[in-house]
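In what follows, a structure is listed as structure tokens, so that the remarks can point back to it.
A short reminder: the numbers here are calculations on the coordinates, not readings from a lab. Owing to the predicted nature of the structure, the values given are computational and were not obtained by experimental measurement. Quick reminder, even Gly has a Cβ in these numbers, built from the backbone with ideal geometry, and neighbours come from all protein chains shown.
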Amino acid sequence: MIIISDVLSNFKNVPDSLRAFLLISLFLYEPVATTFGGTIGNNIKGIRVRKNSNEDQGINLFQAIIRYFFKLSLGWLSFLSIFSSSKKRAIHDIISGTVMIKIQPVSVKK
């Protein structure tokens, strides 16, 4: 958010509608991306967000929003809680009923 603000401050007369669009996009990116399995970073690292009750199922948008809200609200406390969970689940994962899983890389035959 700070980066977007700094970039926009270099331009004169940035429309409020553009500022609003960028702000909304910033807050919706992670919930929408996790609904489809994970963010760009998650995909690079080979991890996915799944339902804790069934790790074969992705999460719905409601779970993704709840997860993101608590992730933002709790910050580092949520991250540190990973070390006290048997499945390495953060507080925001426990509250939203989600779990992060490692996926097997797909090998490409030549």
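Working from the alpha-carbon coordinates of the chain, get Rg over Rh, Rh being the Kirkwood radius. Taking Rh as the inverse mean 1/r over Cα pairs, Rg/Rh reads 1.08. Taking other Cβ atoms within 10 Å as a rough exposure proxy, Lys102, Lys45 sort from fewest to most as Lys102, Lys45.
Taking Phe27, Phe62, Phe11 in turn, the Gaussian network model of the chain (Cα-Cα springs below 10 Å) assigns the largest fluctuation to Phe11. The lysine pair tally for the chain, using Cα distances under 25 Å and a gap of 8 or more places or different chains, is 16. Helix 61-74 and the longest principal axis of the Cα set of the chain meet at an angle near 80°. Springs join every pair of Cα atoms under 10 Å in this Gaussian network model of the chain, and among Ser25, Ser86, Ser78 the largest mean-square fluctuation is at Ser86. Taking each residue as 0.36 nm, the span from Arg19 to Ile103 lengthens on full extension beyond its C-alpha to C-alpha distance by 26.6 nm.
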